[in-house]
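Q: If you scroll down you'll find the structure; I have some questions about it.
The values are calculated or read from the model by the stated rules, or taken from the named source; none is laboratory data. Not measured: the values here are computed from a predicted model. Methodologically, a virtual Cβ is constructed for each residue, glycine included, from the backbone with ideal geometry; neighbour enumeration extends over all protein chains shown. Protein only, heavy atoms only, side chains kept; ligands, DNA and RNA dropped before computing areas. Shrake-Rupley method; radii C 1.70, N 1.55, O 1.52, S 1.80 Å.
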Amino acid sequence: MSNVQIITGNQAAALAAKLCSVEVVAAYPITPQSQLSEILSSYVESGELKAEYVRVEGEHSALTVCISASTVGARVFTATSANGLLYMHEQLHWAAGSRLPIVMCCVNRGVGAPWTIFNDQQDSLAQRDTGWIQLYCRNNQEIIDTVIQAYRIAESVYCPVMVCYDGFVLSHTMMPVDIPDAAGVRAFLPPYQPHTILSPDDPRNLNPVLFPGQRRDSEGVLRDGYMDMRYKLQAALEKASETIRAVNAAFAEAFGRDHGGMLWEYRTDDADLILAGMGSIASEATVAADRLREEGIKAGVVGIRSYRPFPKADVRNAFRNAKGIAIFEKSISYGYEGGLCSDLKAAFYGTAIKAPIHNYIAGLGGRDVKARELAAAAKNSLAGFEKGMVEPQTTWLNTTTG
Amino acid sequence: MPENLFKLNAKEYILPGTRACQGCGLSLGYRYALKALRENTIVTLPACCLCVLHGIYPSTPVMIPCLNNSFASTAASAAGIVAGLQALNKTDTTVMAVAGDGGTFDMGIQALSGAAERGTDFIYLCYDNEGYMNTGTQRSSATPMGAVTTTTPILTKQQHKKDFIKIMDAHDLPYLATVSPSYPIDLYEKFVKAKKIKGTRYIHMYVPCPPGWGFATKDTIKTGKLAVETGVVVLFEIENGKFRFTGRSKTLAERGNRLPVINYLEKQGRFRKMNIEQLNQQQAWVDGKWQEYIRRAEA
Amino acid sequence: MEERKDDNISAMGTVAIGEAGKTGDWRSLRPVIDRKKCIPTVKNKPACFLCWLYCPEGVVKAGIEVEIDLEYCKGCGICAEECPPRAISMIREDKSHE
Ligand SMILES: Cc1ncc(C[n+]2csc(CCOP(=O)(O)OP(=O)(O)O)c2C)c(N)n1
Ligand code: SF4
Ligand code: SF4
Ligand code: SF4
Ligand SMILES: [Mg+2]
């Protein structure tokens, strides 16, 4: 029996945290995340959610509280946006290095300066190298389902997971969402078993200084140096690809919804032109692909769901027949190009995928970008590709440049 | 004296062979803090000398569980441990955050003020060696005026020490105390008391630091005592707003026979460049603070 | 035999003596107790123990015969400085005897 409600993305995320029976919540308000911390406060105050809500004085502390509570064995949740996420940066590394299965929603928003409260993905992209798994959602159904999946992924591989969804576009937009039933979620998500030991019964010193080299403990066991310990994080993230696929499959089995494991594809089977992106802009690209097909262009879309770990094998498969590629990104690696574009090019290196690639930077700070504009841009790229354009300049869509 | 000594918990929680310097005041003070708090305790701490004392992986000399966290995060880290234990119904454990003056007066102040305002149930111990010692004796806002540090190498520190205890007092805490390892029994008793109180308890521990302050390692106890004799350090506790002098400071307050600060300053290399004007300012500053405490005790 | 690997996925140190090694090696001066002056020995009952009280390293054993663990004593000299009858003297370590 389905329970469909019309809710915002923030409501979906809050419901997911409740369904996952999180035990400690620590969050600090920032637009467009604020509503999420407000809803969780009311869940906790009303007793609907039995959790400790720590109303911290800033985001650095929000993630710190999650780190420590997770270390003692509590399931934790936090959420933020933009400058709040940047303010957490030090602790993002700390959380990953401590291998804690923290789940955080990043309600994507552009970063200052200058200020903007509107959506792009510069905030989460800037956290790419912190050792977090990053999953991107295309609609509110995916938000609720991905948060639930995120806990199972995080607690399997002992890595933190950031569930990213676009501010306002999803966070404040009402959409029908099928709410998973609580018993089903309980069955899907076993209780959290911490790997950390922070207990007076077995005194340990957690996350101390590590030497560059290995060192023996008092029993003669050769223990990791800094680099060995850090390698374990890399290995865990690489292994997480398998877990992300498996958890998505198990979720589809349990709840009947398959959001793609590492990525999702739309009409790519026979597509010559593939549009790619993450989050809601990729969702918008499906509408653009439909328009292009109406015009006789065989277009399809690849939506990257897991940006880290990067779906190298999956994209090699998904793009294998592409004749041209247009990548739409809501962030940029300043001084170069969109990060996703660089990563895709690197994944294609040494393969038979030789399709020309056009990188578009779009929608920064909430700059409007419509499906028909994505379609027009992709069509333009295709025309260029047909004229032999191999490496077009990165294009800032709907922007005064030059 | 022996009778007092026998009241102390005989168990040691720090095994010998630590990385702390010879004559370290922190090592001594921490030794008694842990004796008072006993086994059922969890400590969290940031980068600082104590992080070094807690040892390099895979070994630690400290028999109390400890969570290391980043420099600005100490009190929030404790708040997370408290929240986690609460959520798991393990509420009988004492949680103590410990940080240096740099990790408290400077970078940790936000998280500490936040945790204290929320009434987080933990002990916050600031050990004050009056500088960033772990990183090589740089100035902090706890460094006294006239001290040479590696970032005030020529002109000496120009500002007075931040009155951080006043800031913490403004949080209306159930318990606030100052301690010195030169008076281990006073220190021990305050931790025993703090352990029994609920809410945020702040303990300020002045720790003489031989390499950072420039005195011989044998003189740690004497240096700490001189600080108290001159009123540079005042031993007291504030319980639910009620101030009272303790130990040697109580005697000094009753008898009014503090020594001039020069007796304390002249024995430390860090004050070698202090001029007469700074000395007078320092004396006046200490006198002013002392009068504030006297008024507070009388109120 | 293959060496056991570190099975910790995050750093969790365990309790051990001598984390920084035998810190007795740090000493340039060694505390030596003159039993004839030491109060508990003289009185033949537990007394004084200020050396135990003030030792930052916790390496003094308080007994009728006070003992110092020279494997770890760092030689700071606090015990000698604080001993009321001056029963402890700090003697230069003669490295050639080691
Ligand atoms: C964010 C950040 N900035 C700077 C540092 C470098 N750092 C480590 S310890 C320290 C000073 C510590 O001073 P204090 O808290 O007084 O402790 P002490 O070393 O004196 O014991 C500094 C500046 C750091 N670890 N993290
Ligand atoms: S620098 Fe000072 S406080 Fe730090 S370990 Fe050495 S003596 Fe102790
Ligand atoms: S301080 Fe001196 S007299 Fe007292 S117990 Fe120690 S060695 Fe003996
Ligand atoms: S010299 Fe220092 S470390 Fe050695 S016993 Fe005396 S006080 Fe302790
Ligand atoms: Mg300091």
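Q: For the stretch A:118-141, give me each residue that is out of contact with any Gly (no Cβ under 9 Å at 6 or more places or on another chain) and within 22 Å of A:A285 (Cα to Cα).
A: Of everything in the stretch A:118-141, those that are out of contact with any Gly (no Cβ under 9 Å at 6 or more places or on another chain) and within 22 Å of A:A285 (Cα to Cα) turn out to be A:S124, A:Q134, A:L135, A:Q141.
Q: Identify the single condition in (1) buried (at least 19 other Cβ atoms within 10 Å of the Cβ); (2) farther than 22 Å from B:A36 by Cα; (3) over 14 Å from the mean Cα position of the chain (by Cα) that B:L173 does not satisfy, given that it satisfies every other one.
A: Of everything listed in (1) buried (at least 19 other Cβ atoms within 10 Å of the Cβ); (2) farther than 22 Å from B:A36 by Cα; (3) over 14 Å from the mean Cα position of the chain (by Cα), B:L173 misses just condition (2).
Q: Something else about it: If you scan the stretch B:59-79, which residues turn out to be without any contact (Cβ under 8 Å) to a residue 12 or more places away in the chain and either away from ligand 2 (no atom under 16 Å from the Cβ) or open to solvent by 10 Å² or more (accessible area, probe 1.4 Å) (or both)?
A: Hit for the stretch B:59-79 is B:S59, nothing else.
Q: Could you run through the stretch A:222-241 and say how many residues are surrounded by fewer than 17 Cβ atoms within 10 Å (Cβ to Cβ) and hydrophobic (A, V, I, L, M, F, W, C)?
A: So the count comes out to 3.
Q: Could you check B:D219 against (1) within 14 Å of chain C (Cβ to nearest Cβ); (2) open to solvent by less than 30 Å² (accessible area, probe 1.4 Å); (3) over 25 Å from B:R38 (Cα atoms) and say which number it fails?
A: (2)
Q: Can you tell me which of B:V95, B:V82 is open to solvent by 10 Å² or more (accessible area, probe 1.4 Å), in contact (Cβ under 8 Å) with a residue 40 or more places away in the chain, away from ligand 2 (no atom under 13 Å from the Cβ) and over 29 Å from C:E71 (Cβ atoms)?
A: Working: B:V95 fails: open to solvent by 10 Å² or more (accessible area, probe 1.4 Å).
Going through B:V95, B:V82 in turn, the sole match is B:V82.
Q: Further question: For the stretch B:17-58, how many residues are near ligand 2 (Cβ under 8 Å from one of its atoms), outside any loop (DSSP other than H, G, I, E, B) and open to solvent by 10 Å² or more (accessible area, probe 1.4 Å)?
A: Number of matching residues: 2.
Q: Return the residue satisfying two criteria in turn: it lies in the stretch C:18-33 and is open to solvent by 50 Å² or more (accessible area, probe 1.4 Å) and touching a residue at least 12 places away in the same chain (Cβ under 8 Å), and of such residues it is farthest from ligand 3 (Cβ to nearest atom).
A: C:K22
Q: Here is a list: B:V228, B:V192, B:V234. Which entry is part of a helix (DSSP H, G or I), surrounded by 15 or more Cβ atoms within 10 Å (Cβ to Cβ) and free of Cβ contacts under 8 Å to residues at least 60 places away in the same chain? Show your work before the answer.
A: Working: B:V192 fails: free of Cβ contacts under 8 Å to residues at least 60 places away in the same chain; B:V234 fails: part of a helix (DSSP H, G or I).
Just one listed residue meets the conditions, B:V228.
Q: OK, next. Just one of B:K250, B:K289 is away from ligand 5 (no atom under 16 Å from the Cβ) and either open to solvent by 60 Å² or more (accessible area, probe 1.4 Å) or in contact with a His (Cβ under 6 Å, 6 or more places away or on another chain) (or both); which is it? Spell out the reasoning first.
A: On the way: B:K289 fails: either open to solvent by 60 Å² or more (accessible area, probe 1.4 Å) or in contact with a His (Cβ under 6 Å, 6 or more places away or on another chain) (or both).
Only one candidate passes the filter, namely B:K250.
Q: Could you check A:G213 against (1) at the interface with chain B (Cβ under 7 Å from one of its Cβ atoms); (2) surrounded by fewer than 13 Cβ atoms within 10 Å (Cβ to Cβ) and say which number it fails?
A: (1)
Q: Looking at A:L92, A:L170, A:L85, A:L135, which is the one that is open to solvent by less than 10 Å² (accessible area, probe 1.4 Å) and within 14 Å of chain B (Cβ to nearest Cβ)?
A: A:L92
Q: Moving on to the next point. Out of the residues in the stretch C:54-66 meeting the condition of being more than 8 Å from ligand 3 (Cβ to nearest atom) and either more than 18 Å from C:L29 (Cα to Cα) or free of Cβ contacts under 8 Å to residues at least 12 places away in the same chain (or both), tell me which one is nearest to the other protein chains (Cβ to nearest Cβ).
A: C:G58
Q: Can you run down the residue pairs with Cβ atoms below 6 Å, 6 or more apart or on separate chains, where the first is in the stretch A:130-156 and in a helix (DSSP H, G or I) and the partner is open to solvent by 10 Å² or more (accessible area, probe 1.4 Å) and among the aromatic types (F, W, Y)?
A: A:E155/A:Y192
Yes or no, residue by residue, for (1) within 13 Å of ligand 5 (Cβ to nearest atom); (2) not aliphatic (A, V, I, L, M):
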site: B:E117; (1), (2): no, yes
site: B:Y183; (1), (2): no, yes
site: B:G199; (1), (2): no, yes
site: B:V207; (1), (2): yes, no
site: B:A216; (1), (2): no, no
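Q: Hey, could you check the stretch C:11-34 for residues that are within 19 Å of C:E81 (Cβ to Cβ) and part of a loop (DSSP other than H, G, I, E, B) and say which is nearest to ligand 4 (Cβ to nearest atom)?
A: Here the answer is C:R27.
Q: A further question follows. Is it true that some residue in the stretch B:34-46 is touching a Pro at 6+ places or on another chain (Cβ under 8 Å) and among the acidic types (D, E)?
A: Yes, some residue in the stretch B:34-46 is touching a Pro at 6+ places or on another chain (Cβ under 8 Å) and among the acidic types (D, E).
Q: Next question, about the same structure. Pull up the stretch B:6-33, narrow it to residues that are under 15 Å from the mean Cα position of the chain (by Cα) and either within 7 Å of another protein chain (Cβ to nearest Cβ) or closer than 20 Å to C:A20 by Cα (or both), then point me to the one that is farthest from ligand 1 (Cβ to nearest atom).
A: By that ranking, first place goes to B:R31.
Q: Mind checking which residues of the stretch C:76-98 are open to solvent by less than 50 Å² (accessible area, probe 1.4 Å) and without any contact (Cβ under 8 Å) to a residue 12 or more places away in the chain?
A: Passing the criteria: only C:E81.
Q: Further question on the same structure: For the structure I just gave you, tell me whether B:P181 is more than 24 Å from B:A111 (Cβ to Cβ) and in contact with a helix residue (DSSP H, G or I) (Cβ under 7 Å, 6 or more places away or on another chain). Quick ask: steps written out before the conclusion?
A: Working: more than 24 Å from B:A111 (Cβ to Cβ): yes; in contact with a helix residue (DSSP H, G or I) (Cβ under 7 Å, 6 or more places away or on another chain): yes.
Against the criterion (more than 24 Å from B:A111 (Cβ to Cβ) and in contact with a helix residue (DSSP H, G or I) (Cβ under 7 Å, 6 or more places away or on another chain)), B:P181 qualifies.
Q: Also: Which residue pairs have Cβ atoms under 9 Å apart, sit 6 or more places apart or on different chains, and have a first residue in the stretch B:34-54 that is under 21 Å from A:E90 (Cβ atoms) and at the interface with another protein chain (Cβ under 7 Å from one of its Cβ atoms) and a second that is in a helix (DSSP H, G or I) and within 16 Å of ligand 1 (Cβ to nearest atom)?
A: If the second residue must be in a helix (DSSP H, G or I) and within 16 Å of ligand 1 (Cβ to nearest atom), the pairs left are B:T44/B:T74; B:T44/B:A75; B:T44/B:S77; B:T44/B:A78.
Q: Only one of C:C73, C:C48 is assigned to a loop (DSSP other than H, G, I, E, B), more than 7 Å from every other protein chain (Cβ to nearest Cβ) and either surrounded by fewer than 16 Cβ atoms within 10 Å (Cβ to Cβ) or of a type outside the set (F, W, Y) (or both). Can you tell me which?
A: Within the list C:C73, C:C48, the selection yields C:C73.
Q: Let me ask you something else. Are any residues in the stretch A:329-363 charged (D, E, K, R), within 22 Å of the chain's Cα centre (by Cα) and assigned to a loop (DSSP other than H, G, I, E, B), and if so, which ones?
A: Selection gives A:K330, A:E337.
Q: Can I ask one more? Go through (1) part of a helix (DSSP H, G or I); (2) out of contact with any Pro (no Cβ under 8 Å at 6 or more places or on another chain) for A:A326 and report which single condition fails.
A: For A:A326, the exception is condition (1).
Q: Which residues, taken from the stretch B:195-225, are outside any strand (DSSP E or B) and of a type in the set (S, T, Y)?
A: Hits for the stretch B:195-225 are B:T217, B:T220, B:T223.
Q: Please specify each residue of the stretch B:100-115 satisfying the condition of being more than 9 Å from ligand 5 (Cβ to nearest atom) and buried (at least 24 other Cβ atoms within 10 Å of the Cβ).
A: Residues satisfying the conditions are B:G108, B:A111, B:L112, B:A115.
Q: So, one more: Looking at this structure, is B:A227 out of contact with any Asp or Glu (no Cβ under 6 Å at 6 or more places or on another chain), at pLDDT 95 or above and away from ligand 4 (no atom under 16 Å from the Cβ)?
A: Criteria met by B:A227.
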